[in-house]
Amino acid sequence: MNSYYAINLLIYAGVDIIACLALNLQFGVAGIVNFSFIVFQAVGAYTAAVLSMPPDTAPDYSFQIYVGGLQLPFPIPWIGGAIAGGLLAVPVGFVVLRKLRSDYQAIALLVLSVIANTVITNARPFLNGAAGLALVPAPLADLFDPATYGYFYVGLTAICTALVALVAFRIVNSPYGRTLRAMREHEVAATAIGKNPVALKMTIFIVGGVIAGLSGGILTGYITFWAPSVWLYPETIILFAAVIVGGRGNNLGAVLGALLVPVGFEEVTRFIPSSIGPPGLIPALQWVAIGLLIIGFLWFRPEGVRPEPRRVFEGAPD
Amino acid sequence: MSLFVAAFGFGLVSMSVIAIAAVGFTMQFGITNMINLAYGEVMISSAYVAYYLNKAGISIWIGMVVGALFGAAFSFLLNRIVYAPFQRKGTSYLGMVIVSLAISLMMANLLLPIVGYYSVSYQEGTGGLIRLGAIILTTNQILIIGIAVVVMLLIHGLLKYTRLGKAMRATSANPTLARNCGIPTQRVVDAVWLITGALCGLAGVVAALNSDSFAIANGAAFLITILAAAVLGGAGQPYGAMIGAVLIGLITELSAAAWSPEYKEVVAFGVLVLVMVLRPQGLLAKRGAMAAAG
C-alpha cells in the first residue's frame, strides 16, 4: 500500500515537473501567458489514448464512442501525443500570437480553454463526451508483473522528465533563450536589433505544446482514463501558481514549484478530514488557497522562491 | 422562418443583457486599464444576493436594485483592496490579468460552499405573454429590454453631458495629462468602479432572471459572451460594446435556433476568433488590441 502511494506520488511529481518546465519556457522565459496550457496536455492525452486503444467496436470498449482506436505499440502513442500538442500550437499561435497585445493573448487563451472543454464535453461521438475515455491501455503492461509494473512506470516517467529537463536547460542557456528573454523584457528593442518576435514566440509555443502533449500521454497511460473533468481551466492556474511560487524564468524554480504546489499542496491538504463543513468545502478552500498563493507571491515575492539569475556580462565596465 | 423571427425576439432580450454587462466591463478596461476577469463572478454573486432576498419574499425588482448596489460596493472594494495596490506597485498588465483570474477562482470557490452546486431560480411570475407577430416575449423580457435601453441612454448622457463623464473620457485617453489638468483621477477611478460595478450587478440579476435557472458555473459562460461583445466592439469603447452586444446577442440566438443552444458560447468564441484575426482593434477602436502593452 505504501509503495503504491510512493509510486503514485513519483509519477504525478514527474508529470507536474514536465508540465511546469514547459510552462516556464512559455511564461517564465518568453513571457507568453498561456492560460490554455492544460488544453495542450489534454490533446496529448487524448491522442495517446486513441492511438493505443483498440477500435470502439472491440468487445470491452463498445460502451464508449471515439475516433481512432489504432492499437499502436508503445512509444508511438506518446510520440503521437507530443506531436499533437505541437500541431495544436500552430493554429492557436497563428491566431493569438501574431497581432494581439499580450493581455489580449492571455484572455483569448483562457477563453479557448473554456470553449475547448465545452466542445469536447458536448460532442460525444468524437471523444466520448463528458464521460471521457476509460480503459486506456498502460504501455507495455503485458511485459511486466502487475506488482512491479509501477516501478517500471516510475522509471519511464523519470527518463522523460530528465529528457525534458535537459531540453529546457539547453534552451534557457542557449542564444535562443537569451533572445527570448530579450524579447520578454523589451519586445520593441529586440525587434529593432532584427529579431522576429512572432517567430520566436511561435517556436517556444510549439516546443511547449510538444512537451505538454507528452505530459498528457504519460498521465493518461498511468491513470488509464481521460475526461473533460480533469482538464478544466483552473488546472492551468495551479501550474501558474507553481511557476510563480518556484520562480519565473528559472528551470530549477519550476521544478521546485511543481514539487511545492501541485504535489506538496495536494498531499498536505489530503490529511485534512473531508468531513469538516458542508460537502465540497475542503476542495473549494484548496482552490481559494491556490488563489491566495498566487496573489500573495505576486505581492510579497514576485520573483518566486528561486528567482531567475541576473545574467551579467563579466567583462562589463562598472 | 417563424423560428428565426422568434429567435430574433430572444436576440433582442439577450443583446439587452449582454449590453448592460459589456458596457460595464469595457468601461473598467478603458478607464482603469484593468481586464477584470472576476467580472463574471461578481455578476453571479449579485444574482445570488437578489436570489436570497427574493427567497425571503422580496420582489425581484427590489432585489435587482440591491444586486446592483452589491455589485457597485463589491467592485469598488475589490479595486481599492486588491487591484489598485497592485497597479500602484507597478504590476504589468499581464500580472494584473493573472491577479484578476486568481480573484475569480477564489470568488467562485468561496461562493460554492455557501450557495451549493445546484441550479436555482427566482420566484417570480414571468408575467403575461406579449405577441408582436411571430415574436413572443414575456412581460419580464420586455422590461429587461426597457431597462437596457434606459441604462444605455443614462450611460450616453453620463459620458457626453456631465463633468464626471468628461473627466472619465479624459482619464481614459491619458491619465497623466488628466491629472495634470487638475482632474482628480483617483476619484474618477473610484466613480468608475462604482458605476461599472452597479452595471455588473444589474447585469447579473437581469441575466439570471432571463434564464430559467442559474448556477455558480454560469460565471465563466457570462464572461465569454461579455469578452466577445467587448472585443468585437473594440475594448474600452462603451459605444463599441453596445454594438458588439447587439451583434453577439443576435448571432448567438440565431445560431441557437439554427443549430444547438449548447453551442451559444462556442459561437460567441468563433466571433471572438474571427475578430482577433481580421480586426483585432475591434469595430470602433483605432488602436485597441494592437497597442503595445506597457
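The values are calculated or read from the model by the stated rules, or taken from the named source; none is laboratory data. This structure is a prediction, so every number in the text was calculated from the model and none was measured. Using ideal geometry, Cβ is built from the backbone for each residue, glycine included, and neighbour counts are taken over all protein chains shown. Areas reflect the complete protein model, heavy atoms only, side chains present, ligands, DNA and RNA absent. Shrake-Rupley method; radii C 1.70, N 1.55, O 1.52, S 1.80 Å.
For A:N24, work out the one condition from (1) in a helix (DSSP H, G or I); (2) within 14 Å of chain B (Cβ to nearest Cβ) it doesn't fulfil.
Of everything listed in (1) in a helix (DSSP H, G or I); (2) within 14 Å of chain B (Cβ to nearest Cβ), A:N24 misses just condition (2).
Pairs only if they're at least six apart or on different chains, beta carbon under 6 angstrom, first in region A:147-160 and surrounded by 14 or more Cβ atoms within 10 Å (Cβ to Cβ), second in a helix (DSSP H, G or I) and of a type in the set (S, T, N, Q); list them, first residue then second.
none
Given the options A:A58, A:A82, name the one that is modelled with pLDDT of 85 or more and either in contact with a Ser or Thr (Cβ under 6 Å, 6 or more places away or on another chain) or not charged (D, E, K, R) (or both).
The unique qualifying residue is A:A82.
With the structure loaded, tell me whether A:A49 is away from every other protein chain (no Cβ under 14 Å), open to solvent by less than 40 Å² (accessible area, probe 1.4 Å) and within 19 Å of A:A212 (Cα to Cα) or whether it fails that test. If you could, list the steps in order and put the result at the bottom.
Numbers: away from every other protein chain (no Cβ under 14 Å): yes; open to solvent by less than 40 Å² (accessible area, probe 1.4 Å): yes; within 19 Å of A:A212 (Cα to Cα): yes.
The answer is yes for A:A49.
Given the conditions (1) in contact with a helix residue (DSSP H, G or I) (Cβ under 6 Å, 6 or more places away or on another chain); (2) part of a helix (DSSP H, G or I); (3) of a type in the set (A, V, I, L, M, F, W, C), report the number of the one that A:A138 does not fulfil.
(2) is the only condition that A:A138 fails.
Identify all residues within region B:73-91 that are in a helix (DSSP H, G or I) and open to solvent by 10 Å² or more (accessible area, probe 1.4 Å); write none if there are none. Let's see the steps before the verdict.
Our first condition is that a residue be in a helix (DSSP H, G or I); within region B:73-91, this holds for B:73-88.
Residues satisfying the conditions are B:A73, B:F74, B:F76, B:L77, B:L78, B:R80, B:I81, B:V82, B:A84, B:P85, B:Q87, B:R88.
Pull out all pairs, ordered by first then second residue, where Cβ-Cβ is under 6 Å, the residues are six or more apart or on different chains, the first lies in region B:90-109 and is touching a residue at least 12 places away in the same chain (Cβ under 8 Å) and facing another protein chain (nearest Cβ under 7 Å), and the second is polar (S, T, N, Q) and part of a helix (DSSP H, G or I).
If the second residue must be polar (S, T, N, Q) and part of a helix (DSSP H, G or I), the pairs left are B:L94/A:S102.
Do we have B:S59 as among the hydroxyl-bearing types (S, T, Y) and open to solvent by 10 Å² or more (accessible area, probe 1.4 Å) here? Explain how you work it out, then say what you get.
On the way: among the hydroxyl-bearing types (S, T, Y): yes; open to solvent by 10 Å² or more (accessible area, probe 1.4 Å): yes.
Yes.
Taking B:S121 as meeting all but one of (1) modelled with pLDDT under 95; (2) within 13 Å of chain A (Cβ to nearest Cβ), write down the number of the exception.
(2)
Tell me, please, whether a residue that is assigned to a helix (DSSP H, G or I) and within 14 Å of chain B (Cβ to nearest Cβ) can be found in region A:268-279.
Yes, that holds for at least one residue.
Is it the case that B:I136 is over 18 Å from B:T196 (Cβ atoms) and not in a helix (DSSP H, G or I)?
Numbers: over 18 Å from B:T196 (Cβ atoms): yes; not in a helix (DSSP H, G or I): yes.
Spelling it out, B:I136 is indeed over 18 Å from B:T196 (Cβ atoms) and not in a helix (DSSP H, G or I).
Looking at (1) without any contact (Cβ under 8 Å) to a residue 60 or more places away in the chain; (2) on the phi > 0 side of the Ramachandran plot; (3) among the small types (G, A, S); (4) surrounded by 14 or more Cβ atoms within 10 Å (Cβ to Cβ), which is the only condition A:A141 fails?
Every listed condition holds for A:A141 apart from (2).
Considering every residue within region B:93-115, establish whether at least one is open to solvent by 30 Å² or more (accessible area, probe 1.4 Å) and in a loop (DSSP other than H, G, I, E, B).
The answer is no, given that none of the residues of region B:93-115 is open to solvent by 30 Å² or more (accessible area, probe 1.4 Å) and in a loop (DSSP other than H, G, I, E, B).
Quick one: count up the residues across region A:232-260 that are part of a helix (DSSP H, G or I), within 13 Å of the chain's Cα centre (by Cα) and more than 20 Å from A:I171 (Cβ to Cβ).
Looking only at that region, the number is 6.
Can you name the number of the only condition in (1) open to solvent by less than 50 Å² (accessible area, probe 1.4 Å); (2) of a type in the set (G, A, S); (3) within 14 Å of chain B (Cβ to nearest Cβ) that A:G80 fails?
The failed condition is (3).
Among the listed residues B:G236, B:G165, which satisfies the condition of being within 14 Å of the chain's Cα centre (by Cα), open to solvent by less than 40 Å² (accessible area, probe 1.4 Å) and among the small types (G, A, S)? Lay out the reasoning, then the answer.
Details: B:G165 fails: within 14 Å of the chain's Cα centre (by Cα).
Of B:G236, B:G165, the one residue that is within 14 Å of the chain's Cα centre (by Cα), open to solvent by less than 40 Å² (accessible area, probe 1.4 Å) and among the small types (G, A, S) is B:G236.
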